[in-house]
Amino acid sequence: MLEVKTVSAGYGALTVLRDVSLHVEDGEAVALVGANGAGKTTLVRTICGLQRAHSGSIAKNGADISAMPAHELVRHGLAVVLENRRLFGELTVRENLRLAQTVGRRVRAGRMRFSWDEVTTLFPVVQERMDSAVELLSGGQQQMVAIARALLLQPDLLIMDEPSTGLAPKVVKDILLVIKALRDRGMGLLLIEQNVGIAAEITDRAYVMAVGSIVHEIGRGEWQSFLDNELLVKAYLG
Ligand SMILES: Nc1ncnc2c1ncn2[C@@H]1O[C@H](COP(=O)(O)OP(=O)(O)OP(=O)(O)O)[C@@H](O)[C@H]1O
Ligand SMILES: [Mg+2]
């Protein structure tokens with residue numbers, strides 16, 4: 001389980017997140033939705049140690065993971081697909097994936113969930129471009145490489161920051177199918193998403209963030225009534 005408790009964080013003297021609390025149970029698919037600038041990416045960056053929380057705590061299965069280096073997060077079963085994907089552009093797809101495979105094997109020994117073949121089969125496009133430099137791939141293909149790489153780290157919780165943003169509808173559809181397959185396999189998901197339609201399709205419940213705080217929770221079975229409430233949707237998501 002991931003548990004974020006009363007986290008405040010920001011950039012230098014600027015406080016962006018205020019008292020943010022949320023949790024994701026093992027194998028649960030949860031969304032974090034909110035308008036541009038709400039603080040979603042700041043929260044992701046704080047969870048994965050790219051930024052330090054000013055206060056509050058972040059724990060994975062009871063272990064304090066705040067300000068932990070990336071390979072330590074892997075040990076705790078956490079993988080993150082960041083907004084800018086952070087791939088090694090000059091390396092080939094295969095090289096990017098092999099690096100992750102090596103780290104995953106070493107750090108998550110005995111807790112392997114995905115084989116190389118399983119992961120590459122999820123993304124036929126990735127397989128076709130295995131020996132291309134990543135920087136030569138389209139945005140959608142790069143997103144698929146980023147997800148494949150995250151899976152080879154053998155996580156039990158995957159955090160994705162707007163995996164569909166800026167991609168063509170067909171690519172978005174392909175990526176959503178993969179995310180659903182992961183969910184159905186019991187992968188824990190924290191999906192950051194501005195598109196509430198997509199979030200509702202994939203997740204069981206959600207947190208709504210506005211101006212750095214969680215302002216609303218959408219519980220299990222409440223997605224439809226939230227989507228039907230146009231005033232609420234407009235108020236929180238613009
Ligand atoms: N590197 C930075 N330095 C200073 N302020 C920043 C930095 N990155 C983001 N911010 C500010 O923090 C606030 C939250 O930004 P953040 O990127 O977390 O929002 P977001 O919810 O992810 O938005 P989007 O949906 O557009 O990705 C914004 O006001 C933004 O201007
Ligand atoms: Mg963002």
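Screening the stretch 1-42 for residues that are within 15 Å of ALA206 (Cα to Cα) and out of contact with any Gly (no Cβ under 9 Å at 6 or more places or on another chain) and picking the one that is most open to solvent (accessible area, probe 1.4 Å) gives HIS23.
Could we say that SER132 is more than 24 Å from VAL171 (Cα to Cα), at pLDDT 95 or above and not basic (Lys, Arg) here?
Values: more than 24 Å from VAL171 (Cα to Cα): no; at pLDDT 95 or above: yes; not basic (Lys, Arg): yes.
No; evaluated as a whole, the condition is false for this residue.
The set of residues in the stretch 35-54 that are under 12 Å from VAL4 (Cα atoms) and away from ligand 2 (no atom under 12 Å from the Cβ) comprises THR46, ILE47, CYS48, ALA53. Remark: pairs (first residue in the stretch 13-24, aliphatic (A, V, I, L, M); second residue open to solvent by 50 Å² or more (accessible area, probe 1.4 Å); Cβ separation under 7 Å; 6+ apart in sequence or on different chains) = VAL24/MET1.
Would you list the helices (runs of 4 or more DSSP H) that sit entirely within the stretch 139-238 and hold 1 or more residues that are within 21 Å of VAL44 (Cβ to Cβ) and not polar (S, T, N, Q)?
On the way: elements: 139-152, 169-184, 196-202, 223-228, 230-237.
Here the list reads 139-152, 169-184, 196-202, 230-237.
Pairs meeting the criteria (first residue in the stretch 204-226 and free of Cβ contacts under 8 Å to residues at least 40 places away in the same chain and at positive phi, second residue of a type in the set (Asp, Glu) and within 16 Å of ligand 1 (Cβ to nearest atom), beta carbons under 6 Å, at least 6 apart or on different chains) are lacking.
Looking at the stretch 11-46, which of the residues that are part of a strand (DSSP E or B), at pLDDT 95 or above and of a type outside the set (A, V, I, L, M) is farthest from LEU189 (Cα to Cα)?
Of all residues in the stretch 11-46, those part of a strand (DSSP E or B) come to 11, 14-24, 29-33.
With the extra rule that they be at pLDDT 95 or above, the set shrinks to 15-24, 29-33.
Next, only the ones that are of a type outside the set (A, V, I, L, M) stay: 15, 18-19, 21, 23.
Values: THR15: 26, ARG18: 23, ASP19: 22, SER21: 16, HIS23: 11 Å.
Filtering the stretch 11-46 for residues that are part of a strand (DSSP E or B), at pLDDT 95 or above and of a type outside the set (A, V, I, L, M), the one farthest from LEU189 (Cα to Cα) comes out as THR15.
Within the stretch 221-238, which residues are open to solvent by 60 Å² or more (accessible area, probe 1.4 Å) and under 20 Å from the mean Cα position of the chain (by Cα)?
Of the residues in the stretch 221-238, the ones open to solvent by 60 Å² or more (accessible area, probe 1.4 Å) are 221-222, 224-225, 228-231, 234-235, 238.
Matches in the stretch 221-238: none.
Residue-wise test of (1) farther than 15 Å from GLN194 by Cα; (2) of a type in the set (A, V, I, L, M); (3) touching a Lys or Arg at 6+ places or on another chain (Cβ under 8 Å).
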position: VAL4; (1), (2), (3): yes, yes, no
position: TYR11; (1), (2), (3): yes, no, no
position: THR15; (1), (2), (3): yes, no, no
position: ASP19; (1), (2), (3): yes, no, no
position: ASP26; (1), (2), (3): yes, no, no
position: ALA35; (1), (2), (3): no, yes, no
position: GLY39; (1), (2), (3): no, no, no
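The residue list ARG86, ARG129, ARG75 contains one member that is within 16 Å of ligand 2 (Cβ to nearest atom) and either touching a residue at least 24 places away in the same chain (Cβ under 8 Å) or within 30 Å of ASP204 (Cβ to Cβ) (or both), which is ARG86.
Name the residue that is surrounded by the fewest Cβ atoms within 10 Å (Cβ to Cβ), counting only residues in the stretch 149-207 that are farther than 23 Å from SER138 by Cβ, within 16 Å of ligand 1 (Cβ to nearest atom) and at pLDDT below 95. Of everything passing the filter in the stretch 149-207, GLY197 is surrounded by the fewest Cβ atoms within 10 Å (Cβ to Cβ). Scanning the stretch 173-193 for residues that are under 13 Å from the mean Cα position of the chain (by Cα) and touching a residue at least 40 places away in the same chain (Cβ under 8 Å) gives ARG183, MET187, GLY188, LEU189, LEU190, LEU191, ILE192, GLU193. For GLU135, the conditions (1) touching a strand residue (DSSP E or B) at 6+ places or on another chain (Cβ under 9 Å); (2) assigned to a helix (DSSP H, G or I); (3) open to solvent by 30 Å² or more (accessible area, probe 1.4 Å) all hold with the exception of (1).
Could you please find all residues in the stretch 47-72 being part of a helix (DSSP H, G or I), modelled with pLDDT under 95 and in contact with a strand residue (DSSP E or B) (Cβ under 8 Å, 6 or more places away or on another chain)?
Initial filter on the stretch 47-72 (part of a helix (DSSP H, G or I)): 47, 70-72.
Adding the requirement that they be modelled with pLDDT under 95 leaves 70-72.
Scanning the stretch 47-72 gives no hits.
The values are calculated or read from the model by the stated rules, or taken from the named source; none is laboratory data. These numbers come from a predicted model, not from an experiment. Every residue, glycine as well, gets a Cβ built from its backbone with ideal geometry; the counts of neighbours run over all protein chains shown. With ligands, DNA and RNA removed, areas are computed over all heavy atoms of the protein, side chains included. Shrake-Rupley method; radii C 1.70, N 1.55, O 1.52, S 1.80 Å.
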